[in-house]
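Just so it is clear, none of the values below were taken in a lab; they were calculated from the coordinates. Bear in mind that the values here come from a model prediction, so they are computed numbers and not experimental data. Reconstructed Cβ throughout: ideal geometry from the backbone, glycine too, with neighbour counts over all protein chains shown.
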Amino acid sequence: MDSKQIDAAMRNRLPVICDGIQYDRILEYVCWYDDKKQRRLSVVLQARNCTVRVPASKVELAERRKT
């Protein structure tokens, strides 16, 4: 996902998938510089009872089910 997609998913509290696991929503979008001075982007994802921080590039929107 790019920055605009992440922003929209956060704003609308859309479910996302990372490594085949569905999460309820993105809580945070984090930018930092590693020890090699390279810019890194990650997101903090929320599931029912936990949060995980993963690289932003590994996240995609979950398919919306039609009801």
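Under 7 Å between Cβ atoms, which residue pairs at least 6 apart in sequence (or on different chains) link something in segment 3-20 that is in contact (Cβ under 8 Å) with a residue 12 or more places away in the chain with a partner that is acidic (Asp, Glu)?
Within 7 Å, the pairs are 15/24; 16/60; 17/60.
Could you grab me the full set of residues in segment 21-43 that are farther than 14 Å from residue 7 by Cβ and out of contact with any Pro (no Cβ under 8 Å at 6 or more places or on another chain)?
If the condition is that a residue be farther than 14 Å from residue 7 by Cβ and out of contact with any Pro (no Cβ under 8 Å at 6 or more places or on another chain), then 21, 32, 33, 34, 35, 36, 37, 38, 39 are the ones that fit.
Scan segment 1-44 residue by residue and report those that are in a strand (DSSP E or B) and either of a type in the set (Val, Ile, Thr) or in contact with an Asp or Glu (Cβ under 9 Å, 6 or more places away or on another chain) (or both).
Those that are in a strand (DSSP E or B) and either of a type in the set (Val, Ile, Thr) or in contact with an Asp or Glu (Cβ under 9 Å, 6 or more places away or on another chain) (or both): 16, 17, 18, 21, 26, 29, 30, 40, 42, 43, 44.
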